[in-house]
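Every read-out reported here was derived from the displayed coordinates using simple, explicitly stated rules and does not represent laboratory data. On a predicted model such as this, the values are computed, not experimentally measured, just so you know. When we count neighbours, we look across all protein chains shown, and the Cβ atoms used for this are built from the backbone with ideal geometry, even at glycine.
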Amino acid sequence: MLPLLNPALDRDAIAQSYRRDGRVHVANLLTPESAARIHRCLEQETDFAVFAKGLDRTGLPSAASLTQQQQAQLMAGAYASAGDKFHFLYDVHPMSNQGEPYPDSAHYLAAVTQFLNSAPMLDLAREISGVPRIAYASAQATRYRPGHFLNQHDDGDGLGAKRILAYVLNMTPHWRLDWGGALLFSDRPGHVSEGYPPAFNAMNIFSVPQEHLVGFISPFAGAARYSITGWFTAL
């Protein structure tokens, strides 16, 4: 069964908030049953690979196969390169680049991919953005563990794609602010304008390009930060 949008969403209020600020936090996006099913899929049924800047996305190492020493080496290399430039380190599982179906139809991520590219979800993205040309959603599953991070960037792709909205669908049921991992926005240099903690079953949506980052996950974080991320894109 496909995930379902929460029928109680106040779509007008969501659109007004986005058009005022260029971003919006949509709480309780899905029905509780849908959110719980996606979380279970990510936590128990999905194989993640370790992703860092400079690694070939087509041949990423499986997170489960790396030894503690190999994990530490990857972290040390990422930290050495991240001090004053764009860098990242987190776990990833590709789902869809251009709205195409997930390759394994038996996996629940196939239903999630189909949902993100369904008329109800794409229509919501069009309503929020005011851009009727939105045609598909890309998607990847992500997992941030202690020591992971995503440095400041603006999602400008430079490849000719028409990314209208970026989104982060958070799928971690219990999270503390002091574990890090917030989605932070910077509207002027050196200033954090707004931040969204990874609240369960919330989709954070923001215009592209826009400066943002994912805060460093504390070494004492008591859970992994699961999410599905991507862009709503026009042809």
task: Sort region 129-235 into rounded, prolate or oblate with this rule: let a ≥ b ≥ c be the square roots of the eigenvalues of the Cα gyration tensor; rounded if a/c is under 1.5, and if a/c is not under 1.5, prolate when a/b is larger than b/c, oblate otherwise.
output: prolate
field: Rounded Å value of the spacing that divides the Cα centres of region 156-208 and region 128-142
entry: 15 Å
field: 9 Å beta-carbon shell around Arg133, net charge (K/R +1, D/E -1)
entry: +2
